[in-house]
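Just below is one structure, and these are the notes that go with it.
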Amino acid sequence: MFKINIITAFPEVFPGSLDVSILAKARKKKIWDLNTVDLKKFSSQTKSMDDKPFGGGPGMVISADVLHIAYEIAKIFFEDYNFENVEKIMLTPNGEEFDHSAAEALAKKKCLLIICGRYEGVDERFIEYNNLRKISIGKYVLCGGESAASVAVSYTHLTL
């Protein structure tokens, strides 16, 4: 079974369009499975989900410590697999272009962990430390990575 876990501030977006038509049929046949991890659950009244960029600059980023806890929880979904073999993706407008060949490569994997960006992104040290693959569905800015995650999952599964 192809397993996908999405870390997001808005888990209610999923499965959304991923639970319609061919993708819904494939999910019902247990060809693939989807889970979400809610970033907001790891923030509190004393610790916000967002933070100022470590190196300075405008805007806010997802707090690295909140994201780290969510990331560790997300690993549990893949306990039947070697986590080293899970493709770990950070959706960002400055990542490598997501095209047909990228979708084919992802479809050859058996597990995807997708992190939806928000605000100005995440602390770059988190991306480097966890060896995340940065992917972009286009050189434009969305409100968050949830739409991009839906595109990536949908397109990847159409190449299966």
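General observations
- In segment 1-43, taking the dipole from charged Cβ atoms about the Cα centre, the farthest positive-side position among S21, N35, P11 is held by S21.
- Gained length - V141 relative to I73, 0.36 nm times residue gap less alpha-carbon distance: 21.7 nm
- Summed residue charge, Cβ within 10 Å of I127's Cβ, Lys/Arg positive, Asp/Glu negative: +1
- Relative contact order %, segment 62-160, counting alpha carbon pairs below 8 Å whose residues are six or more apart: 38
- GluC sites (Glu not before Pro) lying in DSSP loop within segment 79-160, provided at most 13 other Cβ fall within 10 Å: E79
- For segment 74-144, the list of trypsin sites (Lys or Arg not before Pro) that fall in a loop by DSSP and count at most 16 other C-beta atoms within 10 angstrom reads K109, K110, K139.
- Other residues with beta-carbon under 10 Å from the beta-carbon of V86 carry, at +1 per Lys or Arg and -1 per Asp or Glu, a net charge of +3.
- In this simple spin-label model, placing a label point 7 Å from the Cα along the Cα-to-Cβ direction at both E96 and E84 gives a separation of 2.0 nm.
- Net +/- balance of residues flanking G138 in space, Cβ distance below 11 Å, scoring K and R +1, D and E -1: -1
- Scanning residues 5 or more positions from I89 or on other chains, those with amide H under 5 Å from its amide H are L113, I114, I115, R133, with H placed 1.01 Å from N in the peptide plane.
- A simple spin-label model places pseudo-atoms 7 Å from Cα toward Cβ; at K110 and K25 they are separated by 2.6 nm.
- Working note: Karplus 6.51/-1.76/1.60 with θ = phi - 60° gives segment 81-96 the couplings 10, 6, 4, 5, 8, 7, 6, 9, 10, 10, 7, 7, x, 9, x, 5 Hz, where Gly and Pro are set to x.
Read-outs: derived from the displayed coordinates by stated rules, not from any lab. Bear in mind the structure is a predicted one, so any value in this text is a computation, not a measurement. Using ideal geometry, Cβ is built from the backbone for each residue, glycine included, and neighbour counts are taken over all protein chains shown.
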